[in-house]
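Down below is the structure, laid out as structure tokens.
The values are calculated or read from the model by the stated rules, or taken from the named source; none is laboratory data. Note that the structure is a prediction, hence the values are computed from the model and not measured. Positions of Cβ are generated from backbone atoms using ideal geometry, with glycine treated the same way; all protein chains shown enter the neighbour counts.
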Amino acid sequence: MGNGPDSGKLLLEEYLPHPELVVPEHPVAKAKFPAIDAHNHLGRWVGKGAEEVARRVEEMDACNLKACFDLDGSRGAPLGESIQLLKETYPGRFYVLTVLSWEEAAKSGKKVGETLARELAEAVEEGADGLKIHKSLGLRVRGLDGKLLMPDDPSLGPLFVKCAKLKVPCLFHVADPIAFFKPLDRYNERWEELANHPDWHFVGGDLPGFQMLMESQERLLEQHPDTLFQSAHVASASEDLGYVSTLLDRYPNLHVDMSARIAELGRQPYTAREFFLKYPDRILYGTDVALTAEWQRIYMRFLETFDEHFAYGLGEVPDQGRWRICGIGLPDEVLKKVYYENAERLYGPPA
């Protein structure tokens, strides 16, 4: 028997149901208050030059995006290019964070933290607004002994001490969704996504489990109470807001951004709304999607309305799972903090 409607079978990739639900819709054209996207990657636009950057600024203006973070700042000449094309050309519209040479620095053994601390100081002197650490720390970067370097490794201490001394926040991405660390079988809710991106599946070998990464994150926060941390993607644990709440209660130096997690937040709207209302000073607006007004408006709709059952992405098949989301209708005083006040308190106003 073949596949298709006539056979009684249908391939999952061919199944594209259109919801019949009729509910009120309240599209958001512009953010109610000037927003700062505190988690985005602009390398693709910077690499195309000034004209493309100008188009991104037009997209920002179209949806009331006051400023945007670039987490692709790198170091040296590429960092200088990003600062010139973004911050110097458009004052007050961009933040640029530096990304350090983790693979190279790891070869310096126990002095890896000192090496990275020097790189950070140079980047800040050049104009970087903060430090971005990728999930490769803990999942890919290896020390001289061949073992994976974990975020809380004592050898990295000088780097985080330098962050505190320079008063620059550290934006770190500790882990991916918990499903990425589970077997890729019929029970995995992210099966389609992982099938399309097998390199995102972290199972096997000496790779740490999700819980190991969470514990490493906690030890890092405890080791460096004077360092301000912005933990990406709701501390990489948006599936368990109760756990994230314990982190925020325990570590006053921790903040989280909501980037690339409205799919998770929007399917638990009651819990998510209570989370935002409880921690209005600790959550930063962020998207981690293409810098277009069309994408930003989805995130803004999630925050500003009580709309039900709407798409959290632009594709016919959502990237993260076959579900829709509900808005959490935040009050104005919370919206202001999430949209821009928290980012400006941590990083200062965009220069």
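Key figures
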item	result
Residue that is closer than 30 Å to Ser155 by Cβ and either in contact (Cβ under 8 Å) with a residue 24 or more places away in the chain or touching a helix residue (DSSP H, G or I) at 6+ places or on another chain (Cβ under 9 Å) (or both), where the choices are Asp307, Asp249, Asp281, Asp226	Asp226
Extreme residue, farthest from Arg322 (Cα to Cα), among residues of segment 226-241 that are surrounded by fewer than 20 Cβ atoms within 10 Å (Cβ to Cβ) and within 18 Å of the chain's Cα centre (by Cα)	Asp240
Lys147 vs. criteria under 20 Å from Asp37 (Cβ atoms) and among the basic types (Lys, Arg)	no
Within segment 242-262, considering residues that are of a type in the set (A, V, I, L, M) and in contact with an Asp or Glu (Cβ under 8 Å, 6 or more places away or on another chain), the one surrounded by the most Cβ atoms within 10 Å (Cβ to Cβ)	Ala260
Helices (runs of 4 or more DSSP H) wholly inside segment 107-177 that include at least 1 residues being at pLDDT 95 or above and acidic (Asp, Glu)	112-126
Any hit, segment 84-97, residues being in a helix (DSSP H, G or I) and modelled with pLDDT under 95	no
Residue match in segment 70-79 (condition: touching a strand residue (DSSP E or B) at 6+ places or on another chain (Cβ under 8 Å), in a strand (DSSP E or B) and either among the charged types (D, E, K, R) or over 19 Å from Pro158 (Cα atoms) (or both))	yes
Test: residue in segment 74-83 that is farther than 18 Å from Lys167 by Cα, hydroxyl-bearing (Ser, Thr, Tyr), within 22 Å of the chain's Cα centre (by Cα) and at pLDDT 95 or above	yes
Helices (runs of 4 or more DSSP H) contained in segment 243-321 and holding at least 1 residues on the phi > 0 side of the Ramachandran plot, modelled with pLDDT under 95 and more than 18 Å from the chain's Cα centre (by Cα)	none
Set Arg93, Arg118: member being over 27 Å from Lys336 (Cα atoms) and either of a type outside the set (Val, Ile, Thr) or in contact (Cβ under 8 Å) with a residue 40 or more places away in the chain (or both)	Arg118
Matching residues in segment 1-55 - criterion: being exposed (fewer than 10 other Cβ atoms within 10 Å of the Cβ), touching a strand residue (DSSP E or B) at 6+ places or on another chain (Cβ under 8 Å) and either at pLDDT 95 or above or within 26 Å of Ser259 (Cα to Cα) (or both)	none
Test result for Pro151, touching a residue at least 40 places away in the same chain (Cβ under 8 Å) and not hydroxyl-bearing (Ser, Thr, Tyr)	yes
Among residues of segment 56-69, those that are part of a helix (DSSP H, G or I) and either at pLDDT below 95 or crowded, with 21+ Cβ neighbours inside 10 Å (or both), counted	2
